[in-house]
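The values are calculated or read from the model by the stated rules, or taken from the named source; none is laboratory data. Just so you know, these numbers come straight off a predicted model, no measurement behind them. Virtual Cβ from ideal backbone geometry, glycine too; neighbours counted across all protein chains shown.
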Amino acid sequence: MCGIVGYIGKDNAKDVIVDGLKRLEYRGYDSAGIALIVDGEIFTYKKQGKIRNIEVELRRVPVYSNVGIGHTRWATHGKPNDVNAHPHLDCTKKIALVHNGIVENYAELRRELTEKGHTFTSQTDTEVIVHLIEEELKHSSDFFTAFLSAVKRLQGSYAIAVITLHQPDTVFVARKDSPLVIGLGEGENFVASDVPAFLSYTNRVIFLDDFEIATVTSSQVSVFDLNGERVGKQTVTIPWSLSLAEKAGYKHFMLKEINEQPRAVADTISGNLSWLRKETELEGIDLNSFNRIQIVACGTSYHAGLIAKFYLENIAKIPTEVDYASEYRYRDPIVDEKTLVISITQSGETADTLAAMRLAKKERAKLLTICNVIGSTATREADTVIYTYAGPEISVASTKAFTTQLTALFLFTLYLSRERGTLSSEEVERYLRELMELPSKLETFLNLEKEEGVVRKIALEFYRAKDALYLGRHVNYPIALEGALKLKEISYIHAEGYPAGEMKHGPIALIDENVPVVVVATKGKVLEKVISNIEEVKARKGRVIAVTNPSVKKVGELADFILQVPEVDEYLSPVVNVVPLQLFAYYIADFLGYDVDQPRNLAKSVTVE
Ligand code: M6R
């Protein structure tokens, strides 16, 4: 986690960096700081709190500089306070450094450097890096060599940006296991943890790979490996526009991103149609090379994986397991060259998911990733990539990433089913037509909600609840999990998702008139069963909020509150059914006055294990 930004060029670095940090705040937000080279000295300003709390002061600081670095922090080592905020300086105050990641050997390095006379001011692991560079400089011919030697001694994960009075016209960067991207401008260059930080200036980027370092001046970017040898890099043009990374009049990014789902789903279909229609190849996948699938993912992406299991087993007829990526490598999975491992990840940088992918690769499995971020680590390590076209997802609570992941996974299922003969071409086309109708159905639902505010009114009724139960079955059981996750992560209300039929084996004890029970009860093979489960809740005086279709009269009669969603094919119903639950969580968090986009203790991209 943590976001880093660096700038060198013709503008006032301070303003560019503060803007960039605001766009990266989703990565961490407990403290922030900047360092600039001003009149032959390093000027730093750092403080506990969110960027927006310190932005006014930062803007007021009367300094001008063409080179600088900045950081927004998600604390790992050392409390979130002013001292532990980055940038960190060496003893001579000639080197300033920001870091995202964890230095695993920081304790021994700190001991060694302290013995050599270095003084530490913070409790962070990061501070050792800047002192290490200072130490290496004593034995090196130039700063680059010292930087290289220091980086080589680091264990763990890092994205680092450094400025120094020893070479004031250069920003030095390095990467291992934490994202770092360089933005290419005209007479100016940028470095950042993620593209939106500089998207208003350039969409031409170079992604740094692990064990690479780079020197960035206003006119040149040079990339090297850890032997100091030059590395040729590709320039990538990112097709995102800045408007996608801005709120566009919405109160929060989450609300904007929920409302973007019709466009995001439509783009994900059209962006992937060419390989489905065989106009292009889905490269890297030999469909005859595997006889089972394992899905690895975390959080919301894991819930998409649980739904994909139904797709892949029921439609494509391939045995499929789904694992939390954080558990996968510790359960000694049976994985070999006959296994296709699908990682699902919005960011492409989730440490647990990457670790699971690496384990699978070691065992010679083929890797497919479903990912939203072009050039992210997952996309570079996988054999095959299917992109979701959600555009940048800024809110920590994942919404449009989820529905586009389901769309991409469904498309892949259709492809696989046709190639393996479990669906005819006609059946594939029929499913495809159903899929293509989703954007307009989502649009209809969202427009109606804007006019009538049904979800909002129900949220107003329940926002003081202390607990909530979410029930679903079959493909909509993961939607119950996802609804509960959304509610707890942004409103801090305890919520549990359960398979509705499992309720009687325990959670039924929780039910009384104070616990809202959200039930997904749309048309499908288990609807009658779900209706019986609603009866069981009602018999215990539970208050039921049902997500259902207008034609399902019985649920309308039984439930206390109804969230009506358009009717779609059962397999696609999760894409539609999740939307009212996203909105329900959103409104509750907003009514409670919480910071919806940046919930406490969380960060968008979890780059530590
Ligand atoms: O970027 P990823 O999809 O790999 O992220 C996985 C989870 O960290 C993420 O889905 C998380 O659970 C969200 N905050 C949920 O809204």
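General remarks:
Residue by residue, here is whether (1) surrounded by fewer than 19 Cβ atoms within 10 Å (Cβ to Cβ); (2) within 27 Å of GLY101 (Cα to Cα); (3) out of contact with any strand residue (DSSP E or B) (no Cβ under 6 Å at 6 or more places or on another chain) holds:
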| position | (1), (2), (3) |
| --- | --- |
| ASP177 | no, yes, no |
| VAL205 | no, yes, no |
| ASP209 | yes, yes, yes |
| LEU226 | yes, yes, yes |
| LYS233 | yes, yes, no |
| TRP240 | yes, yes, yes |
| ARG263 | yes, no, yes |
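- Annotation note: Cβ proximity below 7 Å between a residue of the stretch 470-487 that is on the phi > 0 side of the Ramachandran plot and a residue that is more than 14 Å from the ligand (Cβ to nearest atom) (sequence gap 6+ or interchain) occurs for HIS474/GLY524; HIS474/LYS525; HIS474/VAL526.
- Residue in the stretch 593-600 that is closer than 29 Å to HIS252 by Cβ and away from the ligand (no atom under 16 Å from the Cβ) present: yes
- Residue count for the stretch 563-609 under the criterion of being of a type in the set (Ser, Thr, Tyr) and surrounded by fewer than 24 Cβ atoms within 10 Å (Cβ to Cβ): the result is 3.
- Subset of the stretch 311-338 [over 18 Å from ALA382 (Cβ atoms), touching a strand residue (DSSP E or B) at 6+ places or on another chain (Cβ under 9 Å) and aromatic (Phe, Trp, Tyr)]: TYR311, TYR324
- Filtering the stretch 288-335 to residues that are of a type in the set (D, E, K, R) and more than 16 Å from the ligand (Cβ to nearest atom) leaves ARG292, LYS309, GLU313, LYS317, GLU321, ARG331, ASP332.
- Strands (runs of 3 or more DSSP E) wholly inside the stretch 313-415 containing at least 2 residues that are at pLDDT 95 or above, within 18 Å of SER193 (Cβ to Cβ) and not aliphatic (A, V, I, L, M): none
- If you filter the stretch 27-39 down to residues that are in contact with a helix residue (DSSP H, G or I) (Cβ under 8 Å, 6 or more places away or on another chain) and within 22 Å of THR76 (Cα to Cα), you find that the one that is surrounded by the most Cβ atoms within 10 Å (Cβ to Cβ) is ALA32.
- Enumeration of residues in the stretch 60-82 that are over 20 Å from ALA192 (Cα atoms), in contact (Cβ under 8 Å) with a residue 12 or more places away in the chain and over 28 Å from the mean Cα position of the chain (by Cα): VAL61, VAL63, TYR64
- Residue in the stretch 428-440 that is surrounded by fewer than 17 Cβ atoms within 10 Å (Cβ to Cβ) and among the hydroxyl-bearing types (Ser, Thr, Tyr) present: yes
- Within the stretch 245-254, restricting attention to residues that are surrounded by 20 or more Cβ atoms within 10 Å (Cβ to Cβ) and either free of Cβ contacts under 8 Å to residues at least 24 places away in the same chain or in contact with a helix residue (DSSP H, G or I) (Cβ under 6 Å, 6 or more places away or on another chain) (or both), the residue that is nearest to LEU21 (Cα to Cα) is ALA245.
- Restricting the stretch 400-427 to residues that are surrounded by fewer than 22 Cβ atoms within 10 Å (Cβ to Cβ) and basic (Lys, Arg), the residue that is farthest from LEU442 (Cα to Cα) is ARG420.
- Out of THR345, THR353, THR379, sole residue that is surrounded by fewer than 24 Cβ atoms within 10 Å (Cβ to Cβ) and without any contact (Cβ under 8 Å) to a residue 60 or more places away in the chain: THR379
Condition check ((1) within 29 Å of GLY305 (Cα to Cα); (2) among the hydroxyl-bearing types (Ser, Thr, Tyr); (3) within 16 Å of the ligand (Cβ to nearest atom); (4) touching a Gly at 6+ places or on another chain (Cβ under 7 Å)) across all residues:
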| residue | (1), (2), (3), (4) |
| --- | --- |
| ASN476 | yes, no, no, no |
| LYS504 | yes, no, no, no |
| ALA509 | no, no, no, no |
| PRO516 | yes, no, no, no |
| VAL530 | yes, no, no, no |
| ASN533 | yes, no, no, yes |
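- Of the criteria (1) under 24 Å from LEU180 (Cβ atoms); (2) part of a loop (DSSP other than H, G, I, E, B), which one ALA96 fails: (2)
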